[in-house]
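First the structure, in the form of structure tokens, and then the observations on it.
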Amino acid sequence: MVNASNHSTEISTEQQPVTVTGAPFDYQAADVILRSSDNVEFRVSKVILSLASTVFSDMFSLPQTSHHSEGSRANADEVKDGLAVIPVAEDGKMLKQFLMMCYPKAATDPPAIPNDLAALGRLLTIAIKYSADRIEEQLREALVSSELMKADPLLVFVVACRF
């Protein structure tokens, strides 16, 4: 008989320190904070995210719990500088690229779209996840019109089929 207590697994509860990103995501008039999986914080505007993404629009239209009320739900919600902190699964680098495409400046001065097929695929996955149709369309166009298409058309085809 095997003693199960000899086969324990330790789980580290240490977290990475929180990093606050720079402009334009250090906006003091922001009304929400997105925190990436690697603890990078982005102070953003709900209105801008809602215009870019139906998922964010739906999320922000839901009734919000009071952070001052009693109960376990209020204690579980994190607030920083009076703003709700929303954890997201994406890492800071990918989240920043996605958010740069959400902001209005992207219409007149578009951020660089990655010419790395893996990064482009991850960014397209994020755009689909958050139902950011305009961004998804831009990324699909970039996928088929990129230098990657000339360099490795079969790989681009495989990625395109995935989406």
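The values are calculated or read from the model by the stated rules, or taken from the named source; none is laboratory data. None of these values were measured; they are calculated from a predicted model. Cβ sites come from the backbone with ideal geometry, for glycine too, and all protein chains shown count toward neighbours.
Of all the numbered requirements in (1) touching a strand residue (DSSP E or B) at 6+ places or on another chain (Cβ under 8 Å); (2) more than 24 Å from Leu51 (Cα to Cα); (3) of a type outside the set (S, T, N, Q), Leu95 misses one, and that requirement is (2). Screening the candidates Met94, Met101 for the property of being modelled with pLDDT under 95, surrounded by 12 or more Cβ atoms within 10 Å (Cβ to Cβ) and either among the charged types (D, E, K, R) or within 18 Å of the chain's Cα centre (by Cα) (or both) yields one hit, Met101.
Taking every residue in segment 23-41 that is touching a residue at least 40 places away in the same chain (Cβ under 8 Å) and more than 20 Å from Ser57 (Cα to Cα) and pairing it with any residue that is in a loop (DSSP other than H, G, I, E, B) and acidic (Asp, Glu), at least 6 positions away or on another chain, the pairs with Cβ-Cβ distances below 9 Å are Ser37/Glu90; Ser37/Asp91; Asp38/Asp91; Val40/Asp91. Inspection of segment 74-87 identifies no residue that is assigned by TED's automatic domain parsing to the domain that holds Tyr27, at pLDDT below 90, touching an Asp or Glu at 6+ places or on another chain (Cβ under 7 Å) and farther than 22 Å from Val40 by Cα.
Quick one: which residue in Glu136, Glu147, Glu141 is acidic (Asp, Glu), touching a Phe, Trp or Tyr at 6+ places or on another chain (Cβ under 9 Å) and outside the structural domain of Val47 (by TED's automatic domain parsing)? Give the derivation first.
Numbers: Glu147 fails: touching a Phe, Trp or Tyr at 6+ places or on another chain (Cβ under 9 Å); Glu141 fails: touching a Phe, Trp or Tyr at 6+ places or on another chain (Cβ under 9 Å).
Just one listed residue meets the conditions, Glu136.
Which residues, taken from segment 36-60, are buried (at least 20 other Cβ atoms within 10 Å of the Cβ) and among the basic types (Lys, Arg)? Matches in segment 36-60: Arg43 only. Looking only at residues in segment 117-133 that are at pLDDT below 95 and loosely packed, with under 15 Cβ neighbours inside 10 Å, the one that is nearest to Val55 (Cα to Cα) is Ala119. Of all the numbered requirements in (1) within 28 Å of Ala29 (Cα to Cα); (2) in a loop (DSSP other than H, G, I, E, B); (3) modelled with pLDDT of 80 or more, Pro114 misses one, and that requirement is (1). Filter segment 19-40 for residues that are under 12 Å from Leu95 (Cβ atoms) and among the small types (Gly, Ala, Ser); which is nearest to the chain's Cα centre (by Cα)? Restricting to residues being under 12 Å from Leu95 (Cβ atoms) and among the small types (Gly, Ala, Ser), the top hit is Ser36.
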